[in-house]
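A.B. asks: Starting off with a structure, shown below.
The values are calculated or read from the model by the stated rules, or taken from the named source; none is laboratory data. Please read these numbers as outputs of a predicted model, since none were measured by experiment. Virtual Cβ from ideal backbone geometry, glycine too; neighbours counted across all protein chains shown.
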Amino acid sequence: MKRFLIILLLLFSSNTFSQNKDPFLLTINDFDIKLKEKIGVAQLVDVRTTEEYLRGHLKKSANLNFNDDNFEDLVKVKLDKNRPVFVYCFSGRRSADAATFLRDLGFKEVYDMAGGFAKWTSSSKPYASDNITTQPIAAFTIENLDQIVKTNDLVLIDFYAEWCGPCKKMTPILNKIADENKDIILLKIDAEKSDNIALTFKVEEIPTYVIIKKGKQVWRAVGEMDEAEMREILRKMK
């Protein structure tokens, strides 16, 4: 890679987890321990998309996409209300919603993994993959993001989504600008997969751009922009 970073960032810091008093919202270590305690009766459910699941997932987990319209129907067919359910997603938000949904359906014992698969992989926990060619799943925490911001004077964050047309048009422009400017660090964050970071930055539209200078947010904008406009904004920030 040249002079820019293309990073899929994840959120949920460990100190946030430690302060949580919900007995059913577990840190990755407690989730792992509880899952082993319930071996034989536990129902482990990955509520992400099929694509995410195939790339990497916890061993022996079932994939029930929480965003599918037929999620409730699948739950009623595949899960037993009398057995404990362990749910996780990528960063923790979808699984939190799924856990609440399952409780509303009458499931009494639903455990949610705080930090999700992102936190799991960043802690070097084992996982399985259905990809023919398995690539390492690198995961960054909010601490990593904080470190990048603190050690670089000018950081441009691009919040995007894989399906977003304007995002795809902006990608070569931003990469070109960052590659030609050694003092600019470009971070590309998938706003859907790293939804908690997007929430922290109050991202409501995509693409959203945020410029952080010497650790402070100094500019933000949304939507497609032309190359000259983006270059001029960054020039003024130096």
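A.B. asks: Those residues that are modelled with pLDDT under 90, closer than 19 Å to Thr49 by Cβ and in a helix (DSSP H, G or I), I need them from the stretch 133-170; list them, please.
C.D. replies: none
A.B. asks: Considering the stretch 25-57 alone, what residues qualify as being at pLDDT 95 or above and touching a strand residue (DSSP E or B) at 6+ places or on another chain (Cβ under 7 Å)?
C.D. replies: Correct list: Leu25, Leu26, Phe31, Lys34, Leu35, Ala42, Gln43, Leu44, Val45, Asp46, Val47.
A.B. asks: While we're here: Taking the condition of being within 21 Å of the chain's Cα centre (by Cα) and more than 24 Å from Glu52 (Cα to Cα), how many residues in the stretch 171-185 meet it?
C.D. replies: Residues that pass the stated criteria total 1.
A.B. asks: Check the stretch 181-199 and report whether any residue there is without any contact (Cβ under 8 Å) to a residue 24 or more places away in the chain and either under 29 Å from Lys119 (Cα atoms) or of a type outside the set (Lys, Arg) (or both).
C.D. replies: Looking through the stretch 181-199, none of the residues is without any contact (Cβ under 8 Å) to a residue 24 or more places away in the chain and either under 29 Å from Lys119 (Cα atoms) or of a type outside the set (Lys, Arg) (or both).
A.B. asks: Do we find a residue being free of Cβ contacts under 8 Å to residues at least 60 places away in the same chain and not in a strand (DSSP E or B) anywhere in the stretch 208-218?
C.D. replies: Keep residues of the stretch 208-218 that are free of Cβ contacts under 8 Å to residues at least 60 places away in the same chain, which gives 208-211, 216-218.
Add one more test, that the residue is not in a strand (DSSP E or B), and what stays is none.
No: zero hits.
A.B. asks: While we're here: Can you tell me which residue in the stretch 153-173 is surrounded by the most Cβ atoms within 10 Å (Cβ to Cβ), limited to those that are closer than 19 Å to Ala228 by Cβ and in contact (Cβ under 8 Å) with a residue 60 or more places away in the chain?
C.D. replies: Leu156
A.B. asks: Could you tell me whether any residue of the stretch 74-90 is within 17 Å of Ile197 (Cβ to Cβ), in contact with a Lys or Arg (Cβ under 7 Å, 6 or more places away or on another chain) and at pLDDT 90 or above?
C.D. replies: Checking the stretch 74-90: at least one residue is within 17 Å of Ile197 (Cβ to Cβ), in contact with a Lys or Arg (Cβ under 7 Å, 6 or more places away or on another chain) and at pLDDT 90 or above.
A.B. asks: Just a yes or no: is a residue in the stretch 172-194 under 20 Å from Arg94 (Cβ atoms), modelled with pLDDT of 90 or more and assigned to a strand (DSSP E or B)?
C.D. replies: No: zero hits.
A.B. asks: Here is a further query. For the stretch 184-196, does any single residue satisfy the condition of being surrounded by fewer than 15 Cβ atoms within 10 Å (Cβ to Cβ), on the phi < 0 side of the Ramachandran plot and in contact with a strand residue (DSSP E or B) (Cβ under 8 Å, 6 or more places away or on another chain)?
C.D. replies: No; the residues of the stretch 184-196 include none that is surrounded by fewer than 15 Cβ atoms within 10 Å (Cβ to Cβ), on the phi < 0 side of the Ramachandran plot and in contact with a strand residue (DSSP E or B) (Cβ under 8 Å, 6 or more places away or on another chain).
A.B. asks: Within the stretch 60-86, can you find the residues that are closer than 24 Å to Ile28 by Cβ and touching a Phe, Trp or Tyr at 6+ places or on another chain (Cβ under 7 Å)?
C.D. replies: Matches in the stretch 60-86: Asn63, Leu64, Asn65, Pro84, Val85, Phe86.
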